[in-house]
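Have a look at the structure below, then the notes.
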2 protein chains.
Amino acid sequence: MLIVQKYGGSSVANAERVFNVAKRILATQKEGNDVVVVLSAQGKTTDGLIAKAKEINPKASRREMDMLLVTGEQQSVALMAMAINALGGRAVSLNAVQVGIETTNTYSNARIRKIHSERIENELEQGNIVLVTGFQGVNMLGDMTTLGRGGSDTSAVALAAALNADLCEIYTDVEGVYTADPRVVKDARKLDEISYDEMLELASLGAKVLHCRSVEVAKKYNVKLVVRSSMSDAPGTEVKEECKMERMLVSGVAADKNVSRISVLGVKDEPGKAFEIFDLMAREKVSVDIILQSNGHDGRQDISFTIGQEDLDIALKALEENKERLTAQEIAHDENVAKLSIVGAGMATNPGVAAMFFEAMYDAGVNIEMISTSEIKITLLIPRKDIDEAMIAVHDKFKIASVNMRKD
Amino acid sequence: MLIVQKYGGSSVANAERVFNVAKRILATQKEGNDVVVVLSAQGKTTDGLIAKAKEINPKASRREMDMLLVTGEQQSVALMAMAINALGGRAVSLNAVQVGIETTNTYSNARIRKIHSERIENELEQGNIVLVTGFQGVNMLGDMTTLGRGGSDTSAVALAAALNADLCEIYTDVEGVYTADPRVVKDARKLDEISYDEMLELASLGAKVLHCRSVEVAKKYNVKLVVRSSMSDAPGTEVKEECKMERMLVSGVAADKNVSRISVLGVKDEPGKAFEIFDLMAREKVSVDIILQSNGHDGRQDISFTIGQEDLDIALKALEENKERLTAQEIAHDENVAKLSIVGAGMATNPGVAAMFFEAMYDAGVNIEMISTSEIKITLLIPRKDIDEAMIAVHDKFKIASVNMRKD
């Protein structure tokens with residue numbers, strides 16, 4: 001088998017953990033597999049580099065940030081190669097340029113366009129374990145790019161797709177995908193299986209176990225994906241097209257505190273105004289999530305939306321500069337919000353789910369500011385201070401539900 | 001003018017120093033120059049990375065060491081770009097792959113084969129200051145290489161040659177080239193000028209102010225080279241083909257503690273044995289310095305030579321493995337030695353210089369173990385514990401000499 005493994009930053013944070021991972025990699029090879037490994041930067045390396053950059057230039061260009069940050073993963077792969085060699089194995093480290101991981105030009109949030117497989121295949125043929133820097137690529141200018149935080153998952157899945165690997169294992173510090181964040185909700189249960197679509201919703205809603213785009217790529221190329229712990233031999237959670245297990249009404253709860261709300265108030269009630277606002281955000285590469293448009297009165301209306309907290313400054317600046325053109329009377333924002341979401345393929349056919357969700361919030365005394373729904377998820381924007389309590393309340397509510405309201 | 005500047009690790013060790021250098025670079029550009037800057041890794045970054053590697057694998061492969069170490073310079077150039085941008089300037093950072101600094105395949109001690117100038121020229125045309133990672137290149141396999149410690153000097157001079165720059169300034173933490181190490185010898189004087197040949201001897205003998213190969217490249221391509229301080233505006237030392245100043249008998253004294261002696265004892269006195277030993281060292285990429293071959297007796301002879309301390313393990317291992325073929329009776333070594341050298345273009349025509357050198361050693365009570373001479377230098381191998389005292393004695397001796405024995 002050809003197996004792609006990905007280990008996160010905490011799994012390689014120090015020399016002892018590097019050796020633990022090295023042993024796991026060697027054991028995988030010893031079972032007769034070809035092994036390609038994607039690594040993140042060690043522990044807090046990336047945070048340290050960001051702090052260094054902020055000290056020098058809080059508005060550092062994204063190009064230079066990428067040039068700086070990609071060094072973290074390169075250090076990881078070189079050190080891991082040394083550890084594997086020290087244990088008698090044969091390994092070679094490669095960065096994104098050496099592999100040929102081509103991305104779009106967008107610094108700090110690039111997307112993979114193409115992965116060249118020749119170099120990796122050559123190294124595998126020579127019996128080497130191949131260690132590849134996660135999170136990064138090279139654009140058409142020959143410059144370094146990064147895939148956004150958590151992008152190493154995407155690197156791993158994209159490599160698995162490009163190499164036509166039999167399995168992609170994402171190693172993390174939890175044992176798999178849980179029904180809710182186990183650090184907050186004590187009763188959270190590990191799932192043995194989850195579908196791509198459910199995982200996609202969970203990931204996009206802030207469940208940090210898998211990077212959102214990695215699930216999209218896995219679904220698109222039908223990559224067999226397993227999330228498991230680097231600290232144990234537990235089997236983890238398999239992410240796949242169809243789940244054999246009984247369908248749960250709600251398979252998971254996710255919270256995301258990295259969110260801010262912007263309200264563009266008193267916009268003239270004319271066609272195209274919403275388009276102008278979101279076109280402006282797109283130009284600034286700001287991803288917009290929940291959108292709420294008020295009913296107009298006196299010929300004016302309010303348009304509110306949520307964005308990632310890191311984009312708040314950029315978004316506010318762009319809106320203020322274009323306030324007149326957008327006919328806005330005021331640009332307001334709120335940083336003290338969070339998103340709480342429930343996900344489940346069984347949801348679409350059970351109209352009672354939303355009501356139960358709202359009831360759980362009411363019981364917990366949590367105010368709902370915005371609502372967004374899709375086929376398989378419901379997201380609420382609530383005050384950030386209430387997020388942990390709300391998460392526990394929802395989990396309790398649907399744990400009961402999942403016993404009472406199973407399909408089949 | 002097109003100016004290439006190089007700043008060492010201590011000049012960019014923290015945010016404050018990075019800004020100092022950024023201001024100097026901007027001032028150089030403001031005077032109407034195109035500026036290309038070569039940077040080393042910040043402060044103790046490289047040492048820190050080496051320590052990390054040693055913890056994991058004391059015998060780490062040179063390829064993986066290079067992969068690890070090149071990240072230090074990449075961080076430096078990215079941070080400097082951010083600093084220049086913060087001050088309102090325009091800068092772009094480039095690593096060796098982006099520039100196209102092609103080297104030989106030898107990891108950890110590669111030589112530059114070719115530098116592509118297109119990318120840098122394009123960036124300069126757009127008004128950018130171009131920041132280039134020192135110390136590194138890319139080989140024919142597309143893998144990262146390093147040029148050996150201090151290789152950033154060579155990067156700067158080679159870039160100056162490739163770009164046909166008008167001037168190459170090497171910024172360091174001393175004010176220029178001194179007659180001896182000013183930290184050891186209080187009376188050491190700064191030289192205003194020095195010839196390539198004298199600088200070359202000084203550099204190869206352990207004067208750390210310039211990397212040896214950088215001087216070779218400067219001489220070969222006739223690069224106008226200035227060594228000066230990043231902390232002051234003093235004019236520094238100019239390194240050039242011919243010095244206008246009066247020729248000093250001895251222009252400098254240099255000490256090198258990074259040296260070990262190996263003795264191959266009792267080798268059969270047959271033709272080709274010396275060749276076999278040094279061919280073996282060359283295969284292991286070990287540079288041999290002073291060589292001493294004893295007069296044979298009983299059909300056997302001893303061959304001693306000095307090497308850099310970092311190569312001792314490799315050299316001993318290779319010699320032990322080939323002991324039988326080399327017909328050696330014993331392989332001995334001594335780590336407690338150091339090299340002391342005097343350099344001066346005036347030396348060749350003054351037979352009294354060597355005698356004065358030996359006299360200084362005799363007066364200081366220092367034992368001489370080996371002697372090596374060239375047209376413009378004399379090197380002695382002495383006990384390491386005596387090196388500072390010996391250096392002061394020699395400097396005192398020739399300071400007097402330089403008054404008494406000047407050649408017009």
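The values are calculated or read from the model by the stated rules, or taken from the named source; none is laboratory data. Computed from a predicted structure; not experimentally measured. With ideal geometry, Cβ positions are generated from the backbone for all residues, glycine too; neighbour counts draw on all protein chains shown. Keep in mind that these areas ignore ligands, DNA and RNA; they rest on the heavy atoms of the full protein, side chains included. Shrake-Rupley method; radii C 1.70, N 1.55, O 1.52, S 1.80 Å.
Observations, loosely collected:
- Residue satisfying condition, being more than 25 Å from B:ARG90 (Cβ to Cβ), out of contact with any strand residue (DSSP E or B) (no Cβ under 9 Å at 6 or more places or on another chain), at pLDDT 95 or above and aliphatic (A, V, I, L, M), within set A:LEU94, A:LEU87, A:LEU79, A:LEU49: A:LEU87
- Residue check for A:GLU284: out of contact with any strand residue (DSSP E or B) (no Cβ under 6 Å at 6 or more places or on another chain), surrounded by fewer than 15 Cβ atoms within 10 Å (Cβ to Cβ), of a type outside the set (A, V, I, L, M) and farther than 26 Å from A:TYR178 by Cβ: yes
Per-residue answers, yes or no, for (1) modelled with pLDDT under 85; (2) open to solvent by 30 Å² or more (accessible area, probe 1.4 Å); (3) within 14 Å of chain A (Cβ to nearest Cβ); (4) closer than 16 Å to B:TYR7 by Cα:
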position	(1), (2), (3), (4)
B:GLY134	no, no, no, yes
B:ASP143	no, no, yes, no
B:THR172	no, no, no, yes
B:TYR178	yes, yes, no, no
B:ALA188	yes, no, no, no
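- Pairing residues of the stretch A:374-388 that are under 10 Å from A:ASP256 (Cα atoms) with residues that are acidic (Asp, Glu) and surrounded by fewer than 22 Cβ atoms within 10 Å (Cβ to Cβ), at Cβ distances under 7 Å and at least 6 apart in sequence or on separate chains, gives A:LEU381/A:GLU369.
- Residues in the stretch B:383-405 that are aliphatic (A, V, I, L, M), modelled with pLDDT under 80 and crowded, with 17+ Cβ neighbours inside 10 Å: B:ALA401 alone.
- Of all residues making up the stretch B:362-399, the number that are among the aliphatic types (A, V, I, L, M), within 13 Å of B:ALA255 (Cβ to Cβ) and in a helix (DSSP H, G or I): 6
- For the stretch B:238-245, the condition of being within 30 Å of B:THR71 (Cβ to Cβ), outside any loop (DSSP other than H, G, I, E, B) and in contact with an Asp or Glu (Cβ under 8 Å, 6 or more places away or on another chain) holds for none of the residues.
- Positions within the stretch A:27-48 being part of a loop (DSSP other than H, G, I, E, B) and more than 17 Å from A:LEU79 (Cβ to Cβ), in sequence order: A:GLU31, A:GLY32, A:ASN33
- Matching residues, the stretch A:86-105, being at negative phi, in a loop (DSSP other than H, G, I, E, B) and over 23 Å from the mean Cα position of the chain (by Cα): A:LEU87, A:GLY89, A:ARG90
- Subset tally (residues that are more than 14 Å from A:THR71 (Cβ to Cβ) and open to solvent by 10 Å² or more (accessible area, probe 1.4 Å)) for the stretch B:25-48: 13
- Among the candidates B:ALA22, B:ALA81, B:ALA51, residue that is open to solvent by 10 Å² or more (accessible area, probe 1.4 Å) and either touching a helix residue (DSSP H, G or I) at 6+ places or on another chain (Cβ under 6 Å) or in a helix (DSSP H, G or I) (or both): B:ALA51
- Qualifying residue in the stretch B:37-45 (condition: out of contact with any Asp or Glu (no Cβ under 7 Å at 6 or more places or on another chain) and within 30 Å of A:LEU87 (Cβ to Cβ)): yes
- Residues in the stretch B:366-382 that are within 22 Å of B:HIS333 (Cα to Cα) and open to solvent by less than 20 Å² (accessible area, probe 1.4 Å): B:VAL366, B:MET370, B:THR379, B:LEU380, B:LEU381, B:ILE382.
- Within the stretch B:315-325, not a single residue is touching a residue at least 40 places away in the same chain (Cβ under 8 Å) and part of a strand (DSSP E or B).
- Among the residues of the stretch A:54-68, those identified as more than 10 Å from A:GLN136 (Cβ to Cβ) and assigned to a helix (DSSP H, G or I) are A:LYS54, A:GLU55, A:ILE56, A:ARG62, A:ARG63, A:GLU64, A:MET65, A:MET67, A:LEU68.
- So B:GLU169, is it among the charged types (D, E, K, R), more than 15 Å from the chain's Cα centre (by Cα) and in a strand (DSSP E or B): yes
- For the stretch A:57-65, the criterion of being crowded, with 24+ Cβ neighbours inside 10 Å and at the interface with chain B (Cβ under 10 Å from one of its Cβ atoms) is satisfied by at least one residue.
Matching residues to (1) out of contact with any strand residue (DSSP E or B) (no Cβ under 9 Å at 6 or more places or on another chain); (2) assigned to a helix (DSSP H, G or I); (3) buried (at least 20 other Cβ atoms within 10 Å of the Cβ); (4) not polar (S, T, N, Q):
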residue: A:ALA161; (1), (2), (3), (4): no, yes, no, yes
residue: A:ALA165; (1), (2), (3), (4): no, no, yes, yes
residue: A:GLU175; (1), (2), (3), (4): no, no, no, yes
residue: A:ARG183; (1), (2), (3), (4): yes, no, no, yes
residue: A:GLU198; (1), (2), (3), (4): no, yes, yes, yes
residue: A:GLU201; (1), (2), (3), (4): no, yes, yes, yes
residue: A:LEU210; (1), (2), (3), (4): no, no, yes, yes
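- Residues in the stretch A:69-102 that are farther than 22 Å from B:GLY142 by Cβ and within 7 Å of chain B (Cβ to nearest Cβ): A:ALA83, A:ALA86.
- Test: residue in the stretch B:199-213 that is in contact with a Pro (Cβ under 6 Å, 6 or more places away or on another chain) and more than 26 Å from B:ASN20 (Cα to Cα): no
- Residues located in the stretch B:262-302, provided they are more than 20 Å from B:SER374 (Cα to Cα) and either of a type in the set (Ser, Thr, Tyr) or in contact with a helix residue (DSSP H, G or I) (Cβ under 7 Å, 6 or more places away or on another chain) (or both): B:ILE262, B:SER263, B:VAL264, B:VAL267, B:LEU280, B:MET281, B:GLU284, B:VAL286
- Exactly one residue out of A:GLY206, A:GLY236 is among the small types (Gly, Ala, Ser), modelled with pLDDT of 85 or more and buried (at least 17 other Cβ atoms within 10 Å of the Cβ), and it is A:GLY236.
- Residue match in the stretch B:103-119 (condition: at the interface with chain A (Cβ under 8 Å from one of its Cβ atoms) and either open to solvent by 10 Å² or more (accessible area, probe 1.4 Å) or without any contact (Cβ under 8 Å) to a residue 40 or more places away in the chain (or both)): yes
- Selection count where residues are more than 14 Å from chain B (Cβ to nearest Cβ), touching a Ser or Thr at 6+ places or on another chain (Cβ under 6 Å) and not aliphatic (A, V, I, L, M), scope the stretch A:8-48: 4
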